[in-house]
Amino acid sequence: MLDLGFLSDGHYLIHDRDGKYCPAFDKTVEAVGVKPIKLPARSPNLNPHAERWVRSVKEECLSKLLLFGERSLRRSLAQYQEHHHRERPHQGKENVILFPSSKQDRVLDGAVGCRERLGGLLKYYYREAG
């Protein structure tokens, strides 16, 4: 059985027109039941949300770590994603945490605590319950 990795649950693979995505690549992807979709030519701002996400991950996480293999990369990305979605105040949303992980995150008074991820690279400050 062919190991598809991240494609195992997918139906579509959206990619740009880079030369590495040659017709042979598309045929290989189609052979496992995934439909390749090429993005329009010369469209660098086609998906600004994805572009911003990639930039944030690179600048705030990956460029500051020494990674040893795929396992450490996956762990770092999972930690960054958890921090980004559940611990970081979002400036465009009035500095609120969009998906708080517990009721503790909604406490308005009390001592300030700190949680760290990735050896202190990412920090999250919160109020401890009374």
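The values are calculated or read from the model by the stated rules, or taken from the named source; none is laboratory data. A quick note: this is a predicted structure, and the numbers were derived from the prediction, not measured. Neighbour counts are summed over all protein chains in view; Cβ atoms, including those assigned to glycine, are modelled from backbone coordinates with ideal geometry.
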Close pairs (9 angstrom Cβ cut-off, 6 or more residues apart or separate chains): without any contact (Cβ under 8 Å) to a residue 24 or more places away in the chain in region 62-78, surrounded by fewer than 12 Cβ atoms within 10 Å (Cβ to Cβ) anywhere: S72/L66
Those residues of region 10-24 which are in a loop (DSSP other than H, G, I, E, B) and under 18 Å from S43 (Cα atoms), in sequence order: D16, R17, D18, G19, K20, Y21
Verdict on F99 being farther than 18 Å from G119 by Cα and either assigned to a loop (DSSP other than H, G, I, E, B) or at pLDDT 85 or above (or both): yes
Test: residue in region 85-94 that is exposed (fewer than 11 other Cβ atoms within 10 Å of the Cβ), in the same structural domain as G120 (by TED's automatic domain parsing), of a type in the set (G, A, S) and over 24 Å from E116 (Cβ atoms): yes
Cβ-Cβ under 6 Å pairs, at least 6 apart or on other chains, region 25-43 side in contact (Cβ under 8 Å) with a residue 12 or more places away in the chain, far side assigned to a helix (DSSP H, G or I) and among the charged types (D, E, K, R): P36/D26
Of all residues making up region 28-87, the number that are within 21 Å of Y124 (Cβ to Cβ), assigned to a helix (DSSP H, G or I) and hydrophobic (A, V, I, L, M, F, W, C): 5
